[in-house]
Each structure stands twice: as C-alpha cells, then as structure tokens.
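Just so it is clear, none of the values below were taken in a lab; they were calculated from the coordinates. Owing to the predicted nature of the structure, the values given are computational and were not obtained by experimental measurement. Quick reminder, even Gly has a Cβ in these numbers, built from the backbone with ideal geometry, and neighbours come from all protein chains shown.
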Amino acid sequence: MRKNRVAAKQTEISILALDDDEIMTITLQSYFQSSGYHVDIENDPNKAVERIRNYHYDILLLDFLMSPICGDEVVKAIREFNTDLYIILLTGHKSLAPPIKTIRELDIQGYYEKSDRFDQLELLVESCVKSIRQMRTIRSYRDKLSQIVADSPQLYRLTTIDALLESVMSQMNRIFGFENAFLYVRRHFFQDGGGEIAGAVQMPADYYLGIGAYGEAADRVRNYLMERHETEFPIFEEAENEPCRVFPLLDENQKPFGIFGARISHQHYFDTVRLLEIYLRQVTSTVSNLMLHIQLQKAYEKLEVSYEEMTKTVRTMVDARDLYTRGHSDRVSYYACRIAEKMGKDERFINRIRVAGLFHDIGKIAVPDSVLLKNASLTREEYEIIKRHPGLGYHILSAISSYQEIAPIVLCHHERIDGRGYPNGITGDQIPEEAKMISVADAFDAMTSHRRYRENLTLEQAVSQLEQGKGTQFDQKIAEAFIEILKDYEAIREEIAWTFEETALDLEHR
C-alpha cells in the first residue's frame with residue numbers, strides 16, 4: 001500500500017472526513033494522518049456543515065449515503081457559503097454514485113468507491129493537494145502584486161533617500177515576509193560633481209540595512225558588490241537550502257548603484273524572484289524620480305537666491321534716488337507682511353506681498369530728479385508726473401518674468417476703495433488685496449517719516465488718519481487689522497530700527 005512509503009510533510013493541508021460510519025472516519029483519519037495531513041472527523045452531517053462554516057478545511061472526504069441527509073444535500077448547503085473547498089464523494093458502490101451532471105453542478109472534484117485499499121483515494125487527494133497549492137500560489141502572487149501596486153505611490157511621496165530606502169526595506173519585509181535580507185546602496189551615487197550629498201540627504205557613508213543573518217554583514221556585502229562586474233549578480237550564498245539571491249538596483253543608465261539580497265525558499269523561489277523583479281523596477285524608478293526631484297529642488301534654490309539678489313539690487317537702485325525715502329520700501333514691505341500674517345494669509349501670499357512692497361515705488365526711477373527731489377510742495381503738473389510711477393513700475397516689472405506676478409500689485413497700490421485713486425480710478429474688489437495692504441502700509445510710513453517739505457506725524461496722528469480713511473481711501477478690514485498691529489508699535493520700531501539708521505547715516509554723510 002502507498003501508506004507504507006515515507007510520509008510526506010503535508011501539515012499545511014487540512015482534511016475533514018465525514019461519514020455516519022464511525023469506524024470509516026477513524027480509519028480515514030489514521031491513514032491520512034500517517035501521510036502527514038491534518039485530519040478531523042465528523043459523523044453528523046449537520047455538525048459537519050457548521051464545522052466547515054466556522055473552521056478552515058482544504059478537502060472534504062464525504063460519504064454519499066448518510067442519515068439524516070445525504071452527501072449531495074450536504075454539498076448544496078456548503079456551496080452556499082464556501083466555493084473553495086475541494087470535495088471527494090465516497091460511495092459504497094459505483095451504482096450508488098450521483099449522476100455526472102450533479103457532480104459538475106455541485107463542483108465535486110471526484111468520487112471514490114469504498115474498499116479496503118485507499119490507493120485510489122490517496123491519488124485523488126494528492127490531485128486536490130496539487131490544485132490547492134497551485135491556487136495558493138496564484139492567490140499569493142495576486143495578493144503580493146496588489147500590495148506592490150498599492151505601496152508604490154507611498155514611495156513616490158518620500159523626499160529623502162534615507163527615508164525612501166527604509167520604506168523600501170519595510171515594504172519588502174511586509175510583502176514577502178523575509179527573515180534574512182539586506183539592502184546596500186553606494187553613497188557616491190547620491191553625490192553631485194562637487195562631492196556634496198544632493199538635496200541635504202543624510203548619508204555620511206554607504207547605506208546598509210540588514211535583518212536576520214545579515215544584520216551585521218555590511219562589510220561582506222560591500223566586498224561582494226566591489227567584486228561584481230556591471231550587472232552580474234549571482235547567488236550571494238547558500239544557506240539551509242535557502243539561497244540568498246541578489247538583485248541589482250540599476251540607475252537610468254543600467255548601472256548598479258546598490259543591491260538587495262534575501263534568502264528565498266526553494267518552494268516559492270521562482271514566483272518570489274519574479275515579483276521581486278517587478279517591485280525593484282518600481283524602486284529604481286522611484287529613486288530616479290527622487291534624484292530628479294532633488295536636482296530640480298537644488299536648481300530652484302539657486303533660482304531663489306538669484307531672485308533675492310536681484311530684488312535687493314533693484315530695491316537699492318530705487319532707494320539710491322532719494323536719501324530721504326531710503327528704508328521706506330523696506331518698512332512698507334514689513335508692514336504689509338505683518339498685515340497679511342494678521343489676516344491669516346499663506347506663505348506664498350506673504351512672499352508675494354513682501355516683494356511687491358519692496359518694489360512698489362520702482363517706477364520712480366523714471367521720474368526726473370527735479371520732481372522727485374524737490375524740497376517744496378509739488379505743482380499740479382509735477383504731481384501728475386509723480387502719479388505716473390505706478391504705471392511705470394508695472395511696465396518695468398512686467399518685462400521681467402520673475403516679477404510679472406507682482407506687477408499688477410505695484411500698478412494698483414495708489415488706488416482707493418472709493419475710486420478716487422490713480423492711475424485707473426478702480427474701486428473695491430477691482431483692486432488686488434495685496435495692493436490694498438500696501439496702500440495702508442505706504443500711507444502710514446509716509447505720514448510718520450520726515451520729508452524735505454514737511455515734518456512727520458506722530459503715531460497718534462497717523463492712526464487717526466487711518467481711522468478717517470477707512471472705507472474711502474483704505475479697505476476697512478485691512479486698516480483695522482493694521483491699527484491693531486500698531487498697538488505694539490514700540491516693539492515694531494525696534495525691529496525695523498535699521499531702516500531708520502540707514503537713512504540717518506546717509507543724510508549725515510551728505
């Protein structure tokens with residue numbers, strides 16, 4: 001008999017034997033347990049249905065003629081909630097077996113005519129086991145592939161190399177359940193031409209992360225990688241019938257920048273390798289994407305530095321025309337930013353208004369010195385010349401792509417809520433909100449600063465003017481927000497003291 005052979009390890013397969021003949025179920029249990037299967041027995045068909053409902057079984061060995069219900073009725077009840085169970089029907093005589101049509105409709109995998117030998121039944125069970133394992137492999141492959149697809153977007157959201165690689169190791173352990181694995185990445189791959197780590201990535205040395213047997217194997221792995229040529233990566237080592245397979249991590253030029261290694265059991269070797277290759281292609285794509293992101297970020301940071309340098313240069317050009325108004329643009333920018341912060345504006349809005357405040361009077365560089373530097377009140381004609389500076393500033397800034405966004409703000413910073421401003425006499429919501437804020441800040445600094453042709457107002461007098469201008473010259477909410485800010489004017493004055501000192505120093509030298 002086949003049962004005299006060495007029992008195979010089948011403990012992952014569970015069988016339920018159902019027969020109203022207790023001797024038969026005990027015999028089946030003894031036979032298949034000797035072959036390495038886990039076998040439970042049941043003699044009551046109704047209890048068997050409930051057992052299958054509440055516990056997991058892979059195969060049901062089922063007698064056809066039973067009391068109180070026959071085998072086909074048992075199968076009908078089971079198929080209402082379980083379509084995965086493999087069922088083998090046992091009959092006392094071939095003539096008592098149900099029709100082929102019934103067997104197909106109930107998805108019964110086979111039937112066996114009872115005898116004192118179980119060879120044929122064991123062959124049927126082995127056939128079921130083979131199918132079960134194939135289905136498990138397919139489902140495992142499908143589930144892991146689904147996890148890979150689901151986890152990939154998370155990698156693309158990471159912005160540092162170390163966080164990315166840690167997440168990769170974590171995901172692979174979760175998806176594949178590796179107990180012995182390592183990830184090694186060469187540091188120089190993340191360096192730019194000057195030898196600095198790109199994008200402030202914290203990688204002072206080669207990156208290594210190992211678990212299990214490879215927790216402290218960095219030197220061994222490094223030496224292994226140094227000995228390899230191009231992308232030739234054979235087995236790292238054999239260990240307990242589990243080869244440690246190595247997979248290269250390739251850049252866009254198909255050059256290895258690191259390796260991943262893991263011990264993979266022979267039982268699932270080829271399926272695991274195929275899935276790992278799919279996953280690691282996602283990883284290398286993510287790394288390339290991150291490197292591009294880091295390069296773009298560095299380019300953007302350089303552009304930001306150039307932008308700030310250009311801003312400072314142009315502001316200096318404006319202030320150089322008139323020593324009495326030096327520091328005025330800095331103060332207007334400061335006040336406007338404080339208003340924006342008070343009103344809960346976001347960082348981009350605040351940065352936009354900061355630059356617009358610095359440049360709000362840039363159009364004055366086109367105003368003649370005889371008008372701009374006059375020590376007395378302006379004539380009507382001279383005032384009309386001065387009123388051109390918002391439009392001139394708009395045209396200057398519009399010609400520079402970096403400043404096109406703030407050009408409309410500069411154009412409108414002398415408009416009034418009631419429509420009596422210039423250059424276009426627009427009203428209310430037609431005026432950009434940033435321009436309304438700069439209007440309040442500009443007016444306040446003009447009132448509290450000394451000019452050639454008049455003395456400055458006190459804080460109280462300036463605040464009174466702001467109160468009077470609410471709803472006519474100034475937006476009411478913006479004016480009220482600024483008046484609230486000015487309650488801490490002493491601290492504000494200390495914070496911007498350098499803008500007044502610069503003006504005083506230049507006047508003294510003159």
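Ratio of region 246-334's C-alpha Rg to 2.2 N^0.38 Å, to two decimals?
Its radius of gyration relative to the 2.2 N^0.38 Å reference: 2.20.
For the chain, with the dipole built from +1 on Lys and Arg beta-carbon atoms and -1 on Asp and Glu ones, taken about the Cα centre, which of 209, 478, 131 lies farthest toward the positive end?
478
Over what distance in Å are the Cα centres of region 257-302 and region 430-492 separated?
Answer, in whole Å: 58.
Could you give me the radius of gyration and the Dmax of region 321-509, taking only the C-alpha atoms into account and expressing both in angstrom?
15.8, 45
Return the label of the correct value of Rg and Dmax of the Cα atoms in Å, as calculated from the structure shown, out of (1) 22.3, 78; (2) 24.3, 79; (3) 41.0, 126.
(3)
Determine one quarter of the surface area of the Cα convex hull of region 2-134, which equals its mean projected area, and express it in nm² to one decimal.
7.5 nm²
Let me check I have the definition right: for region 373-459, take the eigenvalues of the Cα gyration tensor, multiply each by 5, take square roots. What are those semi-axes in whole Å, largest first?
So the three semi-axes of region 373-459 are 24, 16, 14 Å.
Scan around residue 474 for amide H atoms under 5 Å from its own, H built in the peptide plane at 1.01 Å from N, and keep only partners 5 or more places away or cross-chain.
417
At a Cα cut-off below 28 Å, give the lysines reachable from residue 312, other chains included and same-chain residues fewer than 8 away excluded.
Answer for residue 312, where 28 Å is the Cα cut-off: 298, 302, 342, 345, 364, 374, 387, 436, listed by chain and number.
Could you work out the relative contact order of region 42-142, using alpha carbon pairs under 8 angstrom and six or more residues apart, expressed as a whole percent?
24 percent
Provide the percentage of antiparallel DSSP beta bridges, counting only those with both residues in the chain; round to the nearest 5.
For the chain, the DSSP antiparallel bridge percentage is about 50.
What does the helix-only formula give at 222 nm for the chain: each DSSP H stretch with n ≥ 4 adding -39500 (n - 2.57), the total divided by the residues, and the result rounded to the nearest 500 deg cm²/dmol?
-16500 deg cm²/dmol
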